[in-house]
Structures are given as structure tokens and as C-alpha cells.
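The values are calculated or read from the model by the stated rules, or taken from the named source; none is laboratory data. Given the structure is predicted, the values throughout are model-derived calculations rather than measurements. Heads up, the Cβs are rebuilt from the backbone with ideal geometry, glycines too, and the neighbour counts pull from every protein chain shown. To get the accessible areas, we keep the full protein, side chains included, count just its heavy atoms, and leave off ligands, DNA and RNA. Shrake-Rupley method; radii C 1.70, N 1.55, O 1.52, S 1.80 Å.
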Amino acid sequence: AQEPAKPRVRTLAAAPATIFRYFDGAGVVTAVPGLTLKFPASGKVIRLVSAGSVAASGDMAAAVEAARPLQDQLTRQRERLAFHQQMAEAMHQVGNTQEEEKQAAKVELLNGRIAKTLRALAEVAVVVDAPGVVEETFAREGDAVVAGSPALLLHAAGFRAAFEFPRQQTASARRLG
């Protein structure tokens, strides 16, 4: 008597891959329109960047008098952060892990405080969300402004494209997800 033949099993593993599909279509490419940033709080303008300045994400482009104590606090916090980062690095180099951990904990605590200060600063100052170039300013330092009044026009870098496809290709693209 022979034993029944053992079934043979083949295993295939699926691997995700990128598949490119190209469609013929016509499109219009336009520059991203400028963004008007507004003062979030009323007060006397103490800071306003000049036209032509390049603003990075997170930069403070304009501020009213209420932002002054927060600016000072942020400066002190950043100085303390730099000190504790330097201390943590020095302790790492000499192999003092206990002191390094203490300094790393202080760095983490200060990063949290800085984030909290930045959130408070965004309530009284114009903080740039996306990088761009300041095209025009609508106020001057020393002017009294009200909340919601325009501060500056920021021209963001980049382009936007809108494409039109024939109906059959549109249906095909929708089936692909």
C-alpha cells in the first residue's frame, strides 16, 4: 500500500508596487494666487516685514504691542533650549548618561514650552503658514490696527494645474480609484 500523495502548496506573496498610467489631456497651469494675511488682534503695530522680504513657514511677519512679552519669553526659552542641548551633547561625549538624561528631559520640557508660547504668539501676531515673498504691506509700524484688518499680501511659490480629460479617460481613471 502506498501513502496518498502529499498535496503541493505554492505560496505567492503580493508586494505593493507603483503603476503609472498616462492619460492625454489638456491643462491650464496658473501661479498660486497671493494670500492676504490679517492681524489676529487689535493694537499698535510693533513689527512688520518689508515688501520684497522672503518669509519662511513659522516666521512672524507682523505683530502688535501685545506680542512684545511673548517675543521676549520666546527668546529666553530658545536661549535656555540651546544651553540644555549643548549640555546634553557634552554629557553624551563624556559618557555621563545620568546627567545626559536629565538634560534631555529639560530639552523636551522646553520644546513643549516653546510650542505653547508659539501658539499664544499666533493669537497676537501674524505667523506665516507657508513660505513666500511679501508683495505688499497694508500697515506701517506705529499704526493702530483692529483685529481682522489686512497686514500683508504674501505671494506663495508654486503653481496649480487643472486638466481636462475626454469622457472615456475620466471614466477609466475613476475605475482605477
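Data overview
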{"read-out": "In region 118-170, the residues that are part of a strand (DSSP E or B), open to solvent by 50 Å² or more (accessible area, probe 1.4 Å) and β-branched (V, I, T)", "value": "V133"}
{"read-out": "One residue from A139, A104, A157 being over 21 Å from L74 (Cβ atoms), touching a residue at least 12 places away in the same chain (Cβ under 8 Å) and touching a helix residue (DSSP H, G or I) at 6+ places or on another chain (Cβ under 7 Å)", "value": "A104"}
{"read-out": "One residue from A66, A115, A15 being open to solvent by 50 Å² or more (accessible area, probe 1.4 Å) and without any contact (Cβ under 8 Å) to a residue 12 or more places away in the chain", "value": "A15"}
{"read-out": "Test: residue in region 71-92 that is out of contact with any Ser or Thr (no Cβ under 8 Å at 6 or more places or on another chain), free of Cβ contacts under 8 Å to residues at least 24 places away in the same chain and under 30 Å from F159 (Cα atoms)", "value": "no"}
{"read-out": "Identity of the residue in region 29-39, closer than 30 Å to A173 by Cβ and assigned to a loop (DSSP other than H, G, I, E, B), that ends up least open to solvent (accessible area, probe 1.4 Å)", "value": "V32"}
{"read-out": "Hits in region 86-105 - residues which are assigned to a helix (DSSP H, G or I), surrounded by fewer than 17 Cβ atoms within 10 Å (Cβ to Cβ) and either in contact with a His (Cβ under 7 Å, 6 or more places away or on another chain) or polar (S, T, N, Q) (or both)", "value": "Q86, Q93, T97, Q98"}
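Rundown of residues vs (1) part of a strand (DSSP E or B); (2) among the hydroxyl-bearing types (S, T, Y); (3) farther than 26 Å from V133 by Cβ; (4) open to solvent by 30 Å² or more (accessible area, probe 1.4 Å), yes/no style:
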| residue | (1), (2), (3), (4) |
| --- | --- |
| G27 | yes, no, no, yes |
| A41 | no, no, no, no |
| S57 | no, yes, no, yes |
| A61 | yes, no, no, no |
| D72 | no, no, yes, yes |
| E79 | no, no, yes, yes |
| H84 | no, no, yes, no |
